[in-house]
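One structure is given here, and the rest of the page talks about it.
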Amino acid sequence: MRKSTLQRVLASDARGRGRGAGSNGAPPAAPVRAREEEDKDGIAPLVGQGAYAAPRRAGSRDFGQASWDDHFERVEDVCVPGTGNVFRVHLAGNEGPAIVLLHGAGHTSLSWALVAGRMRASCRVVAMDFRGHGGSTCSDDADLSANTLLSDVNSVLLQLFGGAAAAAAAAAGSAAPPPPAATAAVTPCGSVPIVLCGHSMGGAIAARVAAAFPPSLTLAGLIVIDVVEGTAMAALQHMHRVLAQRPSRFGSIEDAIEWSVRGGMVRNLQSAKISVPPQLKLLYGGEGCAGTGAGGRAAAFGWKTDLAASEVHWRGWFEGLSPLFLAVPAPKMLMLAGSDRLDTPLTVAQMQGKFQLKLLYGCGHTVQEDNPTETADAILHFAARLGLLVQVGAQSEQAKLQEKLARAKALKPRVG
């Protein structure tokens, strides 16, 4: 059976303990190997909890960062009145339903870049950075509780698609719908059908948003990608060990991109070149590439989001997710990187036809980055089944059905 990224990390950790871990069971510090032990691309060994710098030889792969503007069309900073909170939102497309994309913990909206580029001709694409992630800045970036993230998403949606009164009510923390006079002031965007789509932590938050969706907006569907309550809750006990395998700093952005691909965090180099840079912050030194900063120190980049510090919120993200997902009245799709991730309640519900299940094999956990083409196509086909899209690619769903019926009639034997 194919091992998941978590299984490979745990197996690597177990081998490390066998080579001389301390009595507390923690993995030993990774040794610095000589240059002759590097692989054929000149890539240094993966190092956990320390600096990662990758000396390169001529002819090695290009790990330079790439721009998002070939995929998204524009970026906006959405301000929530009265809060001081500003959320970075990347957008593409101007017509059709709005596909709202929510990223996983530690990632950013740019993890959806390749998916957005494939979907933007058919729909509007909206991808936001959660607080404490990417380009968003909030009064309390450390508050990553499920309720706070839910409130943030609703506030952004109301700013983008709701009327001024509804947005103001959300900013004031009111859960009640606006009065009739205010409802009449909702802009025409309020009728835009919205499909919520979230990956990992973002999928858990998407389900919670769908369960408490603003009444002035139109929820058309819910898509959750590679997160299931049973497996997520079981994995939490291993998360500190997984995080310990990550380097704490990098000599350059290129090094971080390289480590992410070589370490299996993202299997698609094209996506990693776009998605990894906004996950980093400059600790000291120059910008972009390795150099020297104040005091002669080499440049260093670290992770922008302190995932270990968010541990207090982990259970709150995933606890109760399965029944919450199943209770959402809108059409639903669960997209997984393998059927082994299904827990018992979802297995039973799927057999009863309560949601659509889409399996994408050959991916790691970052499904939308590893296989953006199939991810985007699955989202578009889901929207088309709901009657939200006229076309998927060059052929409409209705045309495909008519073609199937025509083939079936041609195969039917004639009587008499």
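Some observations on this one:
- Residue among Val367, Val312 that alone is buried (at least 19 other Cβ atoms within 10 Å of the Cβ), modelled with pLDDT of 95 or more and of a type outside the set (Lys, Arg): Val367
- Candidates Leu149, Leu110, Leu160, Leu144 - the one that is over 17 Å from the mean Cα position of the chain (by Cα), buried (at least 18 other Cβ atoms within 10 Å of the Cβ) and not basic (Lys, Arg): Leu160
- Residue in the range 199-216 that is part of a strand (DSSP E or B) and closer than 22 Å to His71 by Cα present: yes
- Residues within the range 217-263 that are in a helix (DSSP H, G or I) and either touching a residue at least 60 places away in the same chain (Cβ under 8 Å) or at positive phi (or both), tallied: 23
- Filter pass, Ala376 being modelled with pLDDT of 95 or more and aliphatic (A, V, I, L, M): yes
- Residue match in the range 265-282 (condition: buried (at least 18 other Cβ atoms within 10 Å of the Cβ) and at pLDDT below 90): no
- Verdict on Arg88 being of a type in the set (Lys, Arg) and within 16 Å of the chain's Cα centre (by Cα): yes
The values are calculated or read from the model by the stated rules, or taken from the named source; none is laboratory data. All figures in this text were calculated on a predicted structure; none of them were measured in a lab. Ideal geometry is used to build each Cβ from the backbone, glycine not excepted, and the neighbour counts take in all protein chains shown.
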